[in-house]
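Down below is the structure, laid out as structure tokens.
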Number of protein chains: 2
Amino acid sequence: MSSRVTHAPRQSARSKLIDAAHMLVRKQGYAATSVDEICAAAGVSKGAFFHHFASKEELGVAAAEQWTARADELIFTLPPWVRIEDPLERLLAHIDFRLFMLEGPPEGFTCFVGTMVQESFASSEALRHASEASISAYCERLAVDIEAAIARYRIRDGVSAISLAWHVQAVLQGAFVIAKARNSPREARDSVLHLKRYIKMLFDGGENR
Amino acid sequence: MSSRVTHAPRQSARSKLIDAAHMLVRKQGYAATSVDEICAAAGVSKGAFFHHFASKEELGVAAAEQWTARADELIFTLPPWVRIEDPLERLLAHIDFRLFMLEGPPEGFTCFVGTMVQESFASSEALRHASEASISAYCERLAVDIEAAIARYRIRDGVSAISLAWHVQAVLQGAFVIAKARNSPREARDSVLHLKRYIKMLFDGGENR
DNA sequence: GTAAACATACCAACCAGTCGGTATGATATC
DNA sequence: GATATCATACCGACTGGTTGGTATGTTTAC
């Protein structure tokens, strides 16, 4: 009874704004998404927006940080396959998962920071840096698994784990662009399948001959 | 003396506007680039802009079409290596060329239509379609060379020429995103090297063991 | 001379950001 | 335990500047 809930969890407005930004920016881009639009989608007032964020740019930075946390959870923590013991199998399951995600409209599977950084790399060092941090975090986390696979199975041509991780990220980002251009995830999925074949070949040149 | 220069090449304003759009959009994105900014960079008045284009969107469509012509010339017509007889060597020279291009600031090597389509796919069907046409044209042209290589050397797993062409395009588009995020083309180049290794392995699994 | 190729001045809508104010709840004072 | 004080969360009207686009006039080409 005396359970002091202290103050009611009033994270609400701030995180609703970030969620709305994730959705709208992925659909329309950063510059084309206005603060008013984000407020309307989040169902909060403009006053609330500027209470939580000093500027639109600051929201972008906060949304990038939140995106990192969200992605790490969604991709590296929650899914059951992350507990596969064999590191190569785990890596391939990761690729299959990214493949599986390529469904529905682009705002459902594309990358918030990847979209944002394209428009802001030259105009806002804060946004560029926040986006880079988010993408780098993904690559470094993925490189851990790749490193484990290399340790157990070796890899061709002395390919490094971090280099392959960046390549995975590049293929995914490119697949998102193609999916938007084609208005269909079909070529994007094909491209990820090429990536999977490449990884298999890197770890065993003659396996699925 | 009476050398009638006939009419001075007055393609000038229109194509200066398109060139300025190519540069500015690649640097800042489509939405963040204003009509006034494009006019200023092109050194023409706003009246001239709307004399040649009914709207900013129409400039985008025209710039996409111009981009297709420019890319076809720059990549598939002018370079000396396009006359290499062996189709696989020609394909690998193509990849090397794309690798070689990844230098200097991003607005010098990134893709105008790739940048534009990310911001416009959901808001302007005209821009999305024009961008898709440009990217598709590149892929279909590249697929001709890949098809020739397949005919001469075979390829693993029954990979199709057009599918591999889209994968090349995806890796390049992804590499552009990574280069912008990292503020350096290093990881982008590494990714294209992965692509080159993949293509080599597809055409000869055990070649450079 | 006339039609295309520009230039200048202007407009309404929209933009990010400001500001005065309110509602609420925790803490301090007596 | 009632009251004063303070901090946080939020609201929505407002502002100065920017936006894409227009109206109208001038210059150039043939």
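The values are calculated or read from the model by the stated rules, or taken from the named source; none is laboratory data. What you see is a predicted model; the values in this text were computed from it and never measured. Heads up, the Cβs are rebuilt from the backbone with ideal geometry, glycines too, and the neighbour counts pull from every protein chain shown. Just the protein is used for accessible areas: all its heavy atoms, side chains included, with ligands, DNA and RNA removed. Shrake-Rupley method; radii C 1.70, N 1.55, O 1.52, S 1.80 Å.
Taking the conditions exactly as written (on the phi < 0 side of the Ramachandran plot and within 16 Å of DNA strand C (Cβ to nearest atom)), does B:Lys46 satisfy them or not? When the stated conditions are applied, B:Lys46 passes them. Got at least one residue in the stretch A:106-118 being at the interface with another protein chain (Cβ under 10 Å from one of its Cβ atoms), surrounded by 14 or more Cβ atoms within 10 Å (Cβ to Cβ), assigned to a helix (DSSP H, G or I) and within 15 Å of DNA strand C (Cβ to nearest atom)? Checked against the condition, which is being at the interface with another protein chain (Cβ under 10 Å from one of its Cβ atoms), surrounded by 14 or more Cβ atoms within 10 Å (Cβ to Cβ), assigned to a helix (DSSP H, G or I) and within 15 Å of DNA strand C (Cβ to nearest atom), the stretch A:106-118 yields at least one hit. Condition first: modelled with pLDDT of 95 or more and either farther than 30 Å from B:Arg197 by Cα or within 10 Å of DNA strand D (Cβ to nearest atom) (or both). Can you find one or more residues in the stretch B:48-55 that meet it? No - not one qualifying residue is present in the stretch B:48-55. Remark: A:Val82 falls outside the filter, which requires a residue to be more than 16 Å from DNA strand D (Cβ to nearest atom), modelled with pLDDT of 95 or more, open to solvent by less than 60 Å² (accessible area, probe 1.4 Å) and under 18 Å from B:Ala179 (Cβ atoms).
Just checking, does the stretch A:55-77 include any residue being open to solvent by less than 30 Å² (accessible area, probe 1.4 Å) and either within 10 Å of DNA strand C (Cβ to nearest atom) or free of Cβ contacts under 8 Å to residues at least 12 places away in the same chain (or both)? Yes; the residues of the stretch A:55-77 include at least one that is open to solvent by less than 30 Å² (accessible area, probe 1.4 Å) and either within 10 Å of DNA strand C (Cβ to nearest atom) or free of Cβ contacts under 8 Å to residues at least 12 places away in the same chain (or both).
To keep it simple, each residue is scored yes or no on (1) touching a Gly at 6+ places or on another chain (Cβ under 9 Å); (2) assigned to a helix (DSSP H, G or I).
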position: B:Arg152; (1), (2): no, yes
position: B:Ala165; (1), (2): no, yes
position: B:Val171; (1), (2): yes, yes
position: B:Ala175; (1), (2): yes, yes
position: B:Ala179; (1), (2): no, yes
position: B:Ser184; (1), (2): no, no
position: B:Glu187; (1), (2): no, yes
position: B:Asp190; (1), (2): no, yes
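Give me the residue from the stretch A:121-155 that is touching an Asp or Glu at 6+ places or on another chain (Cβ under 7 Å) and within 11 Å of another protein chain (Cβ to nearest Cβ) and, out of that set, surrounded by the fewest Cβ atoms within 10 Å (Cβ to Cβ). That would be A:Ser124. In the stretch B:24-54, the residue that is most open to solvent (accessible area, probe 1.4 Å) out of those that are more than 17 Å from B:Gly108 (Cβ to Cβ), outside any helix (DSSP H, G or I) and not polar (S, T, N, Q) is B:Ala54. Inspect all residues belonging to the stretch B:21-42 and state whether any of them is over 27 Å from A:Ser123 (Cβ atoms) and over 18 Å from the mean Cα position of the chain (by Cα). There is no residue in the stretch B:21-42 that is over 27 Å from A:Ser123 (Cβ atoms) and over 18 Å from the mean Cα position of the chain (by Cα). Applying the selection to the stretch A:160-172, what residues are within 8 Å of another protein chain (Cβ to nearest Cβ) and either among the polar types (S, T, N, Q) or farther than 19 Å from A:Gln118 by Cα (or both)? Those that are within 8 Å of another protein chain (Cβ to nearest Cβ) and either among the polar types (S, T, N, Q) or farther than 19 Å from A:Gln118 by Cα (or both): A:Ser163, A:Leu164, A:Gln169.
Looking only at the stretch A:173-192, how many residues end up being in contact with a helix residue (DSSP H, G or I) (Cβ under 7 Å, 6 or more places away or on another chain), open to solvent by 40 Å² or more (accessible area, probe 1.4 Å) and more than 7 Å from chain B (Cβ to nearest Cβ)?
1
Evaluating A:Arg154 against the criteria (1) modelled with pLDDT under 95; (2) under 16 Å from B:Ala170 (Cα atoms) leaves one unmet condition, (2).
Scanning the stretch A:19-40 for residues that are away from DNA strand D (no atom under 13 Å from the Cβ) and farther than 19 Å from B:Gln118 by Cα gives a single hit, A:Asp19.
Going by the structure shown, is B:Lys196 open to solvent by less than 10 Å² (accessible area, probe 1.4 Å) and either part of a helix (DSSP H, G or I) or modelled with pLDDT under 95 (or both)? Against the criterion (open to solvent by less than 10 Å² (accessible area, probe 1.4 Å) and either part of a helix (DSSP H, G or I) or modelled with pLDDT under 95 (or both)), B:Lys196 does not qualify.
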